[in-house]
Every structure is written in structure tokens, then in C-alpha cells.
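Below you'll find the structure, written out as C-alpha cells, and then a few comments.
Laboratory data are not the source of any read-out in this text; all were calculated from the coordinates shown. Computed from a predicted structure; not experimentally measured. Note that we place each Cβ from the backbone using ideal geometry, even for glycine, and neighbour counts take in every protein chain shown.
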Amino acid sequence: MIDIIQQYWKAFLWTDGYHLSGLAVTMWLLVVSIAFGFCASIPLAIARVSRSKWLSRPVWLFSYVFRGTPLYIQLLFFYTGMYSLDIVRDVDILNHFFREGYNCTILAFGLNTCAYTTEIFAGAIKATPYGEIEAGRAYGMNKFTLYRRVIIPSALRRALPAYSNEVILMLHATTVAFTATVPDILKVARDVNAATYDSFDAFGLAALIYLCITFILVALFRKAESKWLAHLRPMKT
Amino acid sequence: MRKVITAVSLALMATSFGAFAKDWKEVRFGVDASYAPFESKAPDGKLVGFDIDLGNEICARLKAKCVWVENDFDGMIPALKAKKFDGVLSSMSINEARLKEINFSAKLFNTPTRMVAKAGSGLMPTAASLKGKRVGVEQGTIQEAYAKAHWAPGGVEVVPYQNQSLVLADLASGRLDASLQDAIQADEGFLKKPEGKGFAFAGGDLNDPKTLGTGAGIGLRKEDTDLKAAIDKAIAGMLKDGTYKKIEKKYFKFDVYGK
């Protein structure tokens, strides 16, 4: 155990000597895909609950496809599948983009988490108490202002517990990244296993690192909830 | 209670002593039948391949009955120690990490490691020729160790993959400039197939005992020194009287025993 830590702690945390690896890569994947998913999911969630079929149906289809297929297959599709098409390799910008495993991974992860987040936010928007909307209308707000000032802030707050779950699930999902040659924590654990045959320590160490990240994420979301969901807490007597 | 413990431990000692004194009427080999042409399954379910023929020949020379036990490759060493079988005969390379856990028979074969690249690319398996290029290797293989030790410091981008088929897929699609692997695996699994069209071996066999090892042998438990002696004798006999060459010819057009 001590030997493994001494030899591999750098690879587990940030570098294998030539490239980023381990924790640094996992966190990078998590932060970028979650950021992309969050930004894209707010307009998509609004479209998802729209009365217009032309807006809601395409979003429904998108989220149905990405929630209905395993992330592993989506990653293989974007990494191996797309690059085997001639058209992707002939168009310069596509070729540049899909050549890099990192880009394919972020694309797959971002779209996947975006689909789930869209559904979470759409559900929260649908569950907005009617009184809040009526109050906004009574003030003479138009639809845009109503969304910006009332519906979105209220929905995002109420979605926080479900959203924290999605972020943690996304952290676990990053373990498939090595399929696209992206060296995350699990890849380093596999290296250790192959080099030492000490499977218990190799995967045990990786599990410990994931546990630490989850612990920090949970603590952060607790803090966020106690700040932004304070109005939903039972009153102190 | 104490009496029971004494009786049990005595019984255990007796059985372990019995196992030690056994004169190998039956030898059980662990095999992962997924690596043609060394070990694979015929359509009728029978085990076939170079390793299987060698094992059966060894058993015949030991005047023992051969029993083949199928097991996943990554679980071979624990299973051997747990006495699920007496030897691992499944193209297992002899290397230092494994020698810490188990013993090995004399070498059975040593297949060459070679690089594959686009035909006519002019790339050679040296750090100078590959500088700035991407070379794919399978994670955990001796080839990965070689590329990382000899090429990566010279500015070659060595990309480890989860398995060999992903390496070859990326070589075919053009993401990789070259791939480094077992020559037989590359030949059977890629170059002879339609997707390997336009690709060829680049440069000759690579040699480096430190990373590439000294070939494959039969993995044995450290305490079974009598079995190792008997098997080593059988292997030496096969090499001497030409039986090895006869079996080799069935599967390969070249020398797999190596240096």
C-alpha cells in the first residue's frame, strides 16, 4: 500500500510525467461538462415546458435519446463512431475537433448531463406554485421578466437537491472516460493493478479519492441549500 | 475444544503433506481460451491452439493426465495459488512483477514485439523517427512499458488504450500514426483482415529484456519445485528431438521460440 502511494501519488492526483492524469482530469471533465450542461439546460427546460409543440417536442426527443441510451455507448458513438465517417475526417474543423479524445468525451458527457438537468429543471418549472406566477402577472410583468425574476430563480432553488444528485452521478459517470483515452482516476488505478497485481489497493485507493470528492460536493451543496432554500425550511419555534 | 483443534490441524497437515508428496498423475492447466492461435475454442467447443498442443505433449512426457480448466486471464494468479489448477498455460509472459507471486517453467515461446504503421509512411520504431507522432499501446502490456521507457522521454506521444481493438480502430481511422503490439496479434487481428489494408509492419523486432521480458512460460506455484523440474525436462526434450518444431509448423511460418 505504502509503496503504491509512494510510486503513484502524482499520477493519481495530477500527472503521469507527460500529461495530466487522475484527479485533475476527472475534476476537469466534471466541471466542464456540468458547466456546459447547466448553461444549456435552462433554455432547453423552458422550451421543454412550452405550450408550443414545435419547441417542446424536439427537446423531449433530445432528452429521450440521451437519457434512454447508456453513456458508455454515447461516448463510443462520439469517439469511435463519428471519426470513422469520411465526412467528419474531410471537414477540417470537424476533423480537428473529433481527433482529440478530450473533445469527444466532453461532448458526450456535456450532452448527457444536459439531458438529465433539463428534465430536472423542467420538472421544477412545472411545479412552480401558481400563486407566484399570478403575483408576477398582477405586477404587470411580461413573460420574459416573469421567467427571469420569478419562475427561474424559484425553480432552480427547488431543483437544488435533485441537481446535487445529478452532479454526483456525473462524477461517477466520468469513470468511462478512458474508453476515449482520457486518463482519469480509474485509468491510473488500472495502471497500478496491471503493474502490481494488487487489485485491492489499486481500486481501493481510487474509491477513496472518489469518496473524498463526493464528500466535498455534498458539503458544498449542503451549504448552497441552507442558503438558497432557507425559505422552505420549517420555522424555528 | 483444544483436542478438536489439534485433530483438525493434524488432519490439515496430513492433507497438505499428501499434496506435497503427490507424484503428478494428473496435471491441471488453467487457460483463457480467447487468444488465437495460442488458445481458442473450436466450433465444437474443443480447446485448440499452440499452447494446448504444447501442454498435451508435456503431459504425455510426464505420463500424466492433462485436465484443462478455463479461467479469466486476470484471475489466473489467484486461482493458481488457490489450487484451482497446477499451472497457468495461457501465453503468460514471464516478468518481474509476476515472479514475485509465482514461479515459471522454462520459456515456451517468445513472440516478437513490432510496430505497425501506414505502408510507406517511412516511420521506424525509434524515438527520433517518431518524435511528435502518436503511438497507441494497450494498457498494462509489456509494449506500453517499452514505449513509455524508450519513446516517451524523446517526445513521442504514447497513448495508452483500454484494449487492443480500440488501438487498431484508431490506427485505421487515422487518429494514431502507429501502434506497438505483439507481432502475431497485429498480424492475425489486423493486417490479414480487410480493415488492415494499407498498413504494414514498420521496422523489425524490438528487443529489450527489461521491459519486453523474456517470453512466455507456464506459471507454477513456488512450492511445486518437483513439477517445475519435470516440466522443464519435458520442454527441453521437445526442443531437442524436434517435436517442438513440428507443433510450431502447424501454427506459424516463423520461429516463435525466439532468442
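Say R0 is 41 Å: what FRET efficiency, to the nearest 0.05, do A:Lys223 and A:Ser52 get from their beta-carbon distance?
Details: r = 38 Å, r/R0 = 0.93.
The formula returns an efficiency of 0.60 here.
Please order A:Ile133, A:Ile185 by the number of other Cβ within 10 Å, starting at the fewest. Spell out each step's value before the answer.
Details: A:Ile133 16, A:Ile185 27.
Starting with the residue having the fewest Cβ neighbours, the order is A:Ile133, A:Ile185.
Among A:Met170, B:Met115, the ranking by other beta carbons within 10 Å of each residue's beta carbon, starting with the fewest, stands as A:Met170, B:Met115.
The label point for A:Ala135 and the one for B:Leu239, both projected 7 Å from the Cα toward the Cβ, are 8.8 nm apart. Annotation for A:Leu232 and A:Leu211: the two label points, set 7 Å from Cα along the Cα-Cβ direction, are 3.0 nm apart. For the protein assembly as shown, the 222 nm mean residue ellipticity estimated from helices alone, with every DSSP H stretch of n ≥ 4 adding -39500 (n - 2.57) and the total spread over all residues, rounds to -17500 deg cm²/dmol.
At a Förster distance of 45 Å, what's the computed FRET efficiency of A:Leu61 paired with B:Ala127, Cβ-Cβ distance as r, to 0.05?
Working: r = 50 Å, r/R0 = 1.11.
Step by step, r from the Cβ atoms, then E = 0.35.
The mean sequence distance of close C-alpha pairs (under 8 Å, at least 6 residues apart), as a share of the length of chain A, puts its relative contact order at 26 percent.
Of all aspartates and glutamates in the structure, the ones whose alpha carbon falls short of 16 Å from that of A:Lys126, not counting any fewer than 8 places away in one chain, are A:Glu134.
Remark: A:Cys114, B:Cys66 ranked as B:Cys66, A:Cys114, counting other beta-carbon atoms within 10 Å and listing the fewest first.
Which FRET efficiency, nearest 0.05, do A:Phe97 and B:Asn207 yield, Cβ-Cβ r, R0 35 Å? Walk me through the intermediate numbers first.
Values: r = 40 Å, r/R0 = 1.13.
In this case the efficiency is close to 0.30.
Relative contact order of region B:113-212, please, whole-number percent, based on alpha carbon pairs below 8 angstrom and at least 6 residues apart. Working shown, then result.
Numbers: 172 pairs, mean separation 45.1, N = 100.
Answer for region B:113-212 is 45 percent.
In plain terms, chain A is cut at each of the trypsin sites (Lys or Arg not before Pro) found in a DSSP loop with at most 12 other Cβ atoms within 10 Å, and the longest leftover piece is A:52-235.
Take the Cα of B:Ala229, step 7 Å toward its Cβ, do the same at A:Asn142, and the gap between the two points is 9.7 nm.
Under the shape rule built on the C-alpha gyration tensor, where the axes satisfy a ≥ b ≥ c, region A:18-229 is oblate, since a/c reaches at least 1.5 while a/b does not exceed b/c. Backbone amide hydrogens, once placed in the peptide plane, bring B:Phe104 within less than 5 Å of B:Leu220, excluding anything fewer than 5 places away on its chain. Positive end of the dipole of chain B (Cβ unit charges, origin at the Cα centre): among B:Ala36, B:Gly204, B:Val116, the Cα lying farthest that way belongs to B:Ala36.
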